[in-house]
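For reference, the structure discussed in these notes is given below.
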Amino acid sequence: ERTPEGKAADGAAFSPWSTSLRTSGRATPVCSSAGAGAALYCAVAGTGTARIDPADGRVVWSDRNTALRDASAPIVSGGVVLSAGPDGKLRAYDPVKGVPVRETGLSASPGSAFPAGSTLLTVADGGTVTALDGASGVERWERPLTGHTRPDFGLYDEASGLAYAFEHAPTGTSTVVTAVDPGSGRAAWQRRLDGILTPVATAGGGELVLTEMNADMQTVGLVRYAPQKRAAVRIALPFRLDEPEVVMGGDAAYLLGRGGSLLAVDTGTPAGGKAELWRLETGVGRGSAPVLGEG
């Protein structure tokens, strides 16, 4: 994380760095972060799972798992780092030492495990949702999610403690969205909203922000939904984006598309008003979600 003055989040000067991880074939590392710049965890065929110091790019530890294939980004849950192994199991590592502490067999793909606080949510092919304790791997509950056939989880909101499941209708005209308590599996609310939507963030007042796609799976708009009012505000984007990463800052949504286009949109704009705040072409081929700095 950097401020506009080129300082790190803690006020120290930031020095750019580059780190190469050993890869197999054309594999590309996939990474996730934990804490406020505390650690960066990556997985890639040829290296396996690794922890990188975000301050200087130093590889703190690596499991050297050369057999890893089709890696997904590691998950941090319950105080451990979880990564899919080549044997179809979810492997947990001590985040400091990098030592494997346990393995968990899943009825779903390990890469589909979704972190919701200290709980991991997985969805089997039949649509059954299983919740596991992130620290121990012990099952907390298992049940079908009412109103869904094969849901996906797209967002966990730490402030409310809710995870958001979604499922697109086969016709491509609507999406069922369910706010789930990951501790109990109970649904706080469920709505069917028009459009091909994916929950990506929350805004003030517990409102949900979703991306809206067209039939070609390009993102063409945002939807800000207030569940208590059952009201949806739709914001059209000035141009289409492919697989954007989205982060919220107040009412502003920042979208970084796969081709490097960075777009800032005001989701609180009254109907008919101009939503675009600014745009920038970054040249980034496939970046991670934008990070908001100070200033």
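FYI, it's all coordinate maths here, none of it is from the lab. Small disclaimer: the values here were computed from a predicted structure and weren't measured. Don't worry about glycine lacking a Cβ; one is built from the backbone with ideal geometry, like all the others, and counts go over all protein chains shown.
Amide H contacts of T198 (H built 1.01 Å from N, in plane; Pro and chain starts excluded): T211 sit under 5 Å, all sequence-distant by 5 or more or on other chains. Spin-label pair D133-L292: with each label point 7 Å from Cα along the Cα-Cβ axis, the two points sit 3.5 nm from one another. Classified by the C-alpha gyration tensor, segment 134-215 has an oblate form. Its axis ratio a/c, with a ≥ b ≥ c, is 1.5 or above, and a/b does not exceed b/c.
Note on the chain: dipole from Cβ charges, positive end direction compared against W17, M248, T178; the farthest Cα belongs to T178.
Phi angles across segment 227-236 convert, under the Karplus curve 6.51 cos²θ - 1.76 cosθ + 1.60 with θ = phi - 60°, into 3J(HN,Hα) values of x, 5, 8, 6, 10, 10, 10, 9, 10, 6 Hz, Gly and Pro given as x. Residues in segment 163-170 carry Karplus couplings, in order, of 9, 10, 9, 8, 8, 7, 5, x Hz; the curve used is 6.51 cos²θ - 1.76 cosθ + 1.60 with θ = phi - 60°, and Gly or Pro positions show x. FRET efficiency for the pair S24 and T269, taken as 1/(1 + (r/R0)^6) with r the Cβ-Cβ distance and R0 = 45 Å, rounds to 0.45.
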